[in-house]
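The values are calculated or read from the model by the stated rules, or taken from the named source; none is laboratory data. All figures in this text were calculated on a predicted structure; none of them were measured in a lab. Using ideal geometry, Cβ is built from the backbone for each residue, glycine included, and neighbour counts are taken over all protein chains shown. What goes into the accessible areas is simple: the full protein's heavy atoms, side chains included, and nothing from ligands, DNA or RNA. Shrake-Rupley method; radii C 1.70, N 1.55, O 1.52, S 1.80 Å.
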Amino acid sequence: AGAIGRVVIQWATPATVPDAVDDLAATPGIGSLEFTWTAPANGGSAITKYTLYLNGAEHTDNVTSPHEVTGLTGGVASGPWTVTSTNSVGESSLSNPVTETPDSPSSGIASFGSGNGFGNLSHGNGFN
């Protein structure tokens, strides 16, 4: 009589693109925004990069969280910003959109009272 063998077949689950980032946030700075997010599920393959988009167009490739964008106009809303994650299979869909207003720098202009056109400005270091 012959031996009866057993064959075990295991199917591997194929990797997919990563999930979309769902917690993109922006913190305003003077003329800048700092973006943060949490890594989403990677779809079975390590995330290799993140890409930041502004108004649906690629802004910065291969970024990490946190990521600061500078050179923005303070006091003017900027966005919508989104981010994607990419693994060996491909790029995720866009994250939640974020629109934020960067801070404006202080003007640094001192105003003086009316009168003769002269005034005293105290710097706070003992000199007047």
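Determine, yes or no, whether THR27 is open to solvent by 30 Å² or more (accessible area, probe 1.4 Å), of a type in the set (S, T, N, Q), modelled with pLDDT of 95 or more and part of a loop (DSSP other than H, G, I, E, B).
Here the answer is no, as THR27 does not meet what is asked.
What do you reckon, is SER45 over 26 Å from PRO105 (Cα atoms), surrounded by 14 or more Cβ atoms within 10 Å (Cβ to Cβ) and modelled with pLDDT of 95 or more? Please lay out each step first, then the result.
Numbers: over 26 Å from PRO105 (Cα atoms): yes; surrounded by 14 or more Cβ atoms within 10 Å (Cβ to Cβ): yes; modelled with pLDDT of 95 or more: yes.
Yes; evaluated as a whole, the condition is true for this residue.
Taking ILE30 and the conditions (1) out of contact with any strand residue (DSSP E or B) (no Cβ under 6 Å at 6 or more places or on another chain); (2) under 30 Å from GLY79 (Cα atoms), which numbered condition does it fall short on, given that it satisfies the others?
(1)
Taking the conditions exactly as written (of a type in the set (A, V, I, L, M, F, W, C), under 13 Å from SER93 (Cα atoms) and in a strand (DSSP E or B)), does LEU33 satisfy them or not?
Taking the combined requirement at face value, the residue does not satisfy it.
Go through (1) among the polar types (S, T, N, Q); (2) open to solvent by 60 Å² or more (accessible area, probe 1.4 Å); (3) in contact with a strand residue (DSSP E or B) (Cβ under 8 Å, 6 or more places away or on another chain); (4) in contact (Cβ under 8 Å) with a residue 40 or more places away in the chain for THR16 and report which single condition fails.
(3)
Of all the residues that make up region 53-89, how many are surrounded by fewer than 14 Cβ atoms within 10 Å (Cβ to Cβ) and within 18 Å of ASN42 (Cβ to Cβ)?
Initially, region 53-89 is screened for residues surrounded by fewer than 14 Cβ atoms within 10 Å (Cβ to Cβ), giving 55-58, 61-62, 64, 66, 68, 70-71, 73, 75-77, 88.
With within 18 Å of ASN42 (Cβ to Cβ) added as a condition, the list becomes 62, 64, 88.
Selection size over region 53-89: 3.
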